[in-house]
1. Which of the residues that make up the range A:155-171 are in a loop (DSSP other than H, G, I, E, B) and open to solvent by 10 Å² or more (accessible area, probe 1.4 Å)?
2. How many residues are more than 12 Å from chain B (Cβ to nearest Cβ) and of a type outside the set (Ser, Thr, Tyr) if we restrict to the range A:151-186?
3. Give me a count of the residues in the range A:288-301 that are under 30 Å from A:Leu36 (Cα atoms) and either basic (Lys, Arg) or open to solvent by 60 Å² or more (accessible area, probe 1.4 Å) (or both).
4. Within the range A:257-297, count every residue that is touching a residue at least 40 places away in the same chain (Cβ under 8 Å) and closer than 30 Å to B:Pro258 by Cα.
5. Step by step: first the residues of the range B:292-307, then only those that are of a type in the set (Lys, Arg) and surrounded by 17 or more Cβ atoms within 10 Å (Cβ to Cβ), then the one that is farthest from B:Ser29 (Cα to Cα). Which residue is that?
6. Any idea which of (1) more than 8 Å from chain A (Cβ to nearest Cβ); (2) in a helix (DSSP H, G or I); (3) open to solvent by less than 30 Å² (accessible area, probe 1.4 Å) is the one B:Leu254 doesn't satisfy?
7. If you check B:Asp77 against the conditions, is it touching a strand residue (DSSP E or B) at 6+ places or on another chain (Cβ under 8 Å) and among the charged types (D, E, K, R)?
Amino acid sequence: MILEARNVHCHYEIRGGLLGRRKGAVHAVNGVSLQLNDGEALGIVGESGCGKSTLGRALVGLEPLQKGEVILQGEALNINHRHEEGKSARRNLQMIFQDPVTSLNPRLTIFETLSEPMLVHHLCTKTNARDRVAELLKKVELGSDLMDRYPHAFSGGQRQRISIARALSLNPKVLICDEVVSALDVSVQTQILQLLQKLKKEEGMSLIFISHDLAVVRQLCERLMVLYLGGVVEQGPSQEIFSSPRHPYTQALLDAIPSLDPNHPPKLLKGERPSAEELPLGCSFRGRCDLADETCLNTPNLKSSNHGWACHHPLTPVKRS
Amino acid sequence: MTSPLLKVKDLSLGVKTSNHLLQLTDRVSFDIGEGEMVALVGESGCGKSITAMAIAGLLPDPNGVKIEGEVVFEGKDLWKGNPKDWQNLRASRLSMIFQEPSSALNPLMPVSSQMAEIFTLKGRPVDMQHLRRSLDEVGIPDPDRVLKSYPHELSGGMLQRVMIAMALLLSPKLIIADEPTTALDVTVQAQVMEILTKLQKDIGTAILLITHNLGLVAQYANALNVMYAGRIVERANTRDFLAKPLHPYSHGLLKALPRLDGTPLEAIPGSVPSPDKFSDGCRFAERCTHRKEACSQPPPWKVRSGNEDGGYACILEGER
């Protein structure tokens, strides 16, 4: 196991009024645990506000944890931005963000953007930096003649390739991708997915792929985790979850996607997602679930097996024909 | 077929920049019949949104834009008429739903005042009962609370429902929905699309659905027009298109779409050219695996065999 998170909680206080008193808290992530194996891709899916991005940021230390810990290669993660000791953790965990326009510094050339992390971590010297950058650009299938240009000269897909190259520059063990293809057009999206697939295979990296698009996750990830209101409702091998989801929310998510087959219209999920300020008692999906009854007032536990779900009334498994 | 509700004919739009004219769309033509849902599909920058704006008469500065062609709505050519007529038309006969509901609504006005404004502008008395009813129709559970709310107090799905309710307030004949669900989650998307199709059936409103999501088209639209780099490259009814896309770009788009069954993806190499690089010849040629020398000439329009309403712009014959 390369990366593990144990019982991670991220809460944000809401303050208001004249004296700035605490009025409540947004419970963005509530006790999420995850394991990422070597060379594996784990997909984290859920709708907006389910806490998937916060979880991703918490894993790399960009959000403070109220509770819980993140363990990288057997050691508790210590991302201290001032000290030498956090340096290897910072190097081994890299993140790629959703918006390739805002995640690149517009005032740095591509060469500067890509060489800076390597110089900081002594992975190259000033003399061989250009060769290293050319190598990186080749990995993401861009020409090395582009390295002296600024980000504005590139299209969205190209910029996302540059972001990937920047993350790769430190040879990280784990790459966390937060909605990396959602800002891109379908034809470009496919190119980036294929690139990530190739890199995962060739570099032996582990990936955490955060997305709201289940079909995209299906392409890339061996394992899947479905979040709802900051908690895991189902996790397991993606093939199994797609062919036979056990949690009603997972089923509802899958049913809502408009397929290309007009004979299978999307099914509706009733109601609205509750606010993360006032989490419902018991099962968080209770209010929107057709199967809910009194037992759902007790919080269901996530079954800790290969394929686990947090539900008192799991759906019957679909037999494979 | 009798004359359609909306007829767009050879619509070419250009934007004047400091030193030259940037041609954004090239002779775009399509029809929408009464009560139909027709989709305009394409990737960003293909000209679908600006076409929608031109139909609704919402192009920002008429002086900076060069327009050729016709937009005939209910038998009247809109671009030849008085701009004032257009304003009368909007909301009552033709209305629009935008992509980002949170930026399309005024953050400083409660929902009720924004909705009431439509009546005020038309010189009619404000009918609160009517507002409540229209919110109820789009599935808003507590219309009174929503009417009092400001946009920031409502979720994205709620706001988009408010937008739809506003667009439908005066029972228009045509709604232009520009990426109405792109900013929404899948479960909310399904709810919003369900409302739109229900209204289409109940009131007989025609809908021009502008989207990049072929799944939505497959599920909801009667017919579609595929746009690429400012031109319509294929037109078909949805069933024909899904069974047999004819243009290589349509083919590529369907293959590039991630599927839930995990079918491996096939990417289209390269990227969409920017408007200053648009050529006269086939604009998809440089990404096309079937490229021939003749592709540097403007592609001919070929009619789909078996259905004359459909067709595609490519030198290839239908068999592939």
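1. Passing the criteria: A:Ser155, A:Asn171.
2. Residues that pass the stated criteria total 19.
3. 3
4. 7
5. B:Arg304
6. (1)
7. yes
Yes/no per residue for (1) part of a loop (DSSP other than H, G, I, E, B); (2) open to solvent by less than 80 Å² (accessible area, probe 1.4 Å); (3) within 14 Å of chain A (Cβ to nearest Cβ); (4) touching a helix residue (DSSP H, G or I) at 6+ places or on another chain (Cβ under 7 Å):
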| site | (1), (2), (3), (4) |
| --- | --- |
| B:Arg259 | yes, no, yes, yes |
| B:Thr263 | yes, yes, yes, no |
| B:Ile268 | yes, yes, yes, yes |
| B:Val272 | yes, yes, yes, no |
| B:Asp276 | no, no, yes, no |
| B:His290 | yes, yes, no, yes |
| B:Asp309 | yes, no, no, no |
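The values are calculated or read from the model by the stated rules, or taken from the named source; none is laboratory data. In this text, all values refer to a predicted model and were calculated from it rather than measured experimentally. Please note: Cβ atoms are built from the backbone with ideal geometry, for glycine as well, and neighbour counts cover all protein chains shown. Side chains are part of the model used for accessible areas, which takes the heavy atoms of the whole protein and leaves out ligands, DNA and RNA. Shrake-Rupley method; radii C 1.70, N 1.55, O 1.52, S 1.80 Å.
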